[in-house]
Amino acid sequence: MTAYLLRRFGQMLLTLFMIISLAFFLVQAQPGDYTSTYAQNPDLPPNVRSQIQASFGLDKSLGEQYLLHIKNSFTGNFGVSFGHYPRTVMDVIKERLPRAAVLFLTATVISFYLGFVLGKAMAWRRGGFMEYTATISGATLFTVFTPWFALMMIWTFAFKLGWFPLGKFLDPLVWREAPVAANSVFNDMLLTAGAFTVFIFLAILISKKAGGRRWRTWLLPAAAAGAVVIPVAWGLSGTAYLALDILKHMVLPIATLTLISFAGTMLLTRNSMLETLREDFVMAARAKGLPENVIRDKHAARNALLPVVTSLVYSLAFAIDGGIIIETIFSWPGMGLTLLQAVRSEDLPLAMGAFVFIGIFALGAHLVADVLYAFLDPRIRYQ
């Protein structure tokens, strides 16, 4: 496994190098340079124009520019953002990335779990009322016009019923005298979610290593312990009310994203389960007299999970760029809205920096998917 991981890591670096190189030559192929919008201002003195071009290395030869671009890309030095001057590209990404991650990773995980549970139940009990209802409702929501649906969610639950906040992604009155910046709370929320996930995973792993077949009996106490410790820790930190304000503003966009995306996972799980249920090992398990829930969950669902996990991992990777439509409608300044603004204002340093990050997450998703294959299917071995 170690040799395989090292080989894949080398392939990832090579692929990332090719992506960065392609981006550089595509930018060079356009007329002028990417500071033309700003440096070619007729009211700008010639010496200032030259300073702007020199700050981006545009006064050097093409070969020197290429080597500088490769070096800066691998060190995270993407320069200064035109649209957020004088802030650097990395500062803007560090601000916007946690906001997009908290919202879209949460929505992706919820929609995956909902789709997997419904798809598994549909495949196990075919032809029933639940299958027809879930298929029709899921397909309808999957094909609905997203802007209209998002606006209807806001109109119904925020404007008419008043259940959720309406407007910006944060309440200015709550944050006016906040002791910390919003991004600090977003980062803490990501760390909390990651720590809780690792804690649950370790509890399951330890119970299995201890020879416990009934590892699910460990899951409930572990989840209950986390449900008690996390609110207490946030309460002691003094920022729980800020996190609560963020969560209230997240409900509507997460609900919108979940409802319009769970059908894809549901139908994929259903089809994969139907193929798995026709395999010989399922018939052998039934011949041995195993309980139906064991056949469904331990034998059929686990093997049907492989294509579903692939879809989930890639969705998580591309979730960092957010959704331009959702972020625009719900006034959520994440990576999707940042990319749109960068393209509109021809802020190429910011756009290229964001695309490099998306490429890194996508390549990492390939590696994670391969490792999960070996974990889910014992027949898969990497040399």
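Mind counting the residues in the range 135-145 that are part of a helix (DSSP H, G or I) and surrounded by fewer than 16 Cβ atoms within 10 Å (Cβ to Cβ)?
5
Does residue 239 qualify as being under 30 Å from residue 327 (Cα atoms) and among the hydroxyl-bearing types (Ser, Thr, Tyr)?
Against the criterion (under 30 Å from residue 327 (Cα atoms) and among the hydroxyl-bearing types (Ser, Thr, Tyr)), residue 239 qualifies.
What number goes with the only condition from (1) in a helix (DSSP H, G or I); (2) modelled with pLDDT under 80 that residue 378 does not pass?
With (1) in a helix (DSSP H, G or I); (2) modelled with pLDDT under 80 applied to residue 378, the lone miss is (1).
Given 247, 191, which one is out of contact with any Lys or Arg (no Cβ under 7 Å at 6 or more places or on another chain), modelled with pLDDT of 85 or more and not assigned by TED's automatic domain parsing to the domain that holds residue 116?
191
Do we find a residue being basic (Lys, Arg), in the same structural domain as residue 298 (by TED's automatic domain parsing) and either touching a strand residue (DSSP E or B) at 6+ places or on another chain (Cβ under 7 Å) or not in a helix (DSSP H, G or I) (or both) anywhere in the range 117-134?
Checked against the condition, which is being basic (Lys, Arg), in the same structural domain as residue 298 (by TED's automatic domain parsing) and either touching a strand residue (DSSP E or B) at 6+ places or on another chain (Cβ under 7 Å) or not in a helix (DSSP H, G or I) (or both), the range 117-134 yields at least one hit.
Between residues in the range 53-64 that are assigned by TED's automatic domain parsing to the domain that holds residue 29 and among the polar types (S, T, N, Q) and residues that are at pLDDT below 75 and in a helix (DSSP H, G or I), which pairs lie under 9 Å by C-beta distance while being six or more apart or on different chains?
Note: pairs meeting the criteria are 53/39.
What is the number of the single condition among (1) surrounded by 14 or more Cβ atoms within 10 Å (Cβ to Cβ); (2) assigned by TED's automatic domain parsing to the domain that holds residue 310 that residue 155 does not meet?
Status for residue 155: all satisfied but (1).
For a quick check of your reading of the model, give me the residue pairs whose first member lies in the range 142-154 and is touching a residue at least 40 places away in the same chain (Cβ under 8 Å), whose second is surrounded by fewer than 16 Cβ atoms within 10 Å (Cβ to Cβ) and not in a helix (DSSP H, G or I), with beta-carbon atoms closer than 9 Å and at least 6 apart or on different chains.
From the range 142-154, the pairs are 154/166.
Just to be sure I understand, how many residues within the range 146-165 are touching a Pro at 6+ places or on another chain (Cβ under 9 Å) and β-branched (Val, Ile, Thr)?
0
Between 107, 150, 139, 100, which is touching a Gly at 6+ places or on another chain (Cβ under 8 Å), small (Gly, Ala, Ser), assigned by TED's automatic domain parsing to the domain that holds residue 256 and over 23 Å from residue 293 (Cα atoms)?
From the options 107, 150, 139, 100, the qualifying one is 100.
Condition first: at pLDDT 80 or above and either closer than 24 Å to residue 100 by Cβ or assigned to a loop (DSSP other than H, G, I, E, B) (or both). Now tell me which residues in the range 158-174 satisfy that.
Within the range 158-174, the subset at pLDDT 80 or above is 158-165, 170-174.
158, 161, 162, 163, 164, 165, 170, 171, 172, 174 - these are the residues of the range 158-174 that are at pLDDT 80 or above and either closer than 24 Å to residue 100 by Cβ or assigned to a loop (DSSP other than H, G, I, E, B) (or both).
Report yes if some residue within the range 108-129 is surrounded by 19 or more Cβ atoms within 10 Å (Cβ to Cβ), basic (Lys, Arg) and touching an Asp or Glu at 6+ places or on another chain (Cβ under 9 Å); otherwise report no.
The answer is yes; a qualifying residue exists.
For the range 73-89, what are the residues that are crowded, with 16+ Cβ neighbours inside 10 Å and not β-branched (Val, Ile, Thr)?
73, 78, 79, 81, 82, 83, 84, listed by residue number.
Checking the conditions here, which among 191, 173, 141, 97 is touching a helix residue (DSSP H, G or I) at 6+ places or on another chain (Cβ under 7 Å), of a type in the set (A, V, I, L, M, F, W, C) and within 30 Å of residue 234 (Cβ to Cβ)?
Within the list 191, 173, 141, 97, the selection yields 97.
Residues that are under 30 Å from residue 92 (Cβ atoms) and touching a residue at least 12 places away in the same chain (Cβ under 8 Å): list the helices (runs of 4 or more DSSP H) wholly contained in the range 254-339 that include at least 1 such residues. Explain how you work it out, then say what you get.
Values: elements: 280-287, 301-318, 324-329.
The qualifying helices (runs of 4 or more DSSP H) are 301-318, 324-329.
The values are calculated or read from the model by the stated rules, or taken from the named source; none is laboratory data. It should be emphasised that the depicted structure is a prediction, and the values quoted were computed from it without experimental measurement. A quick note on method: Cβ atoms are made from the backbone with ideal geometry, for glycine too, and the neighbour counts reach across all protein chains shown.
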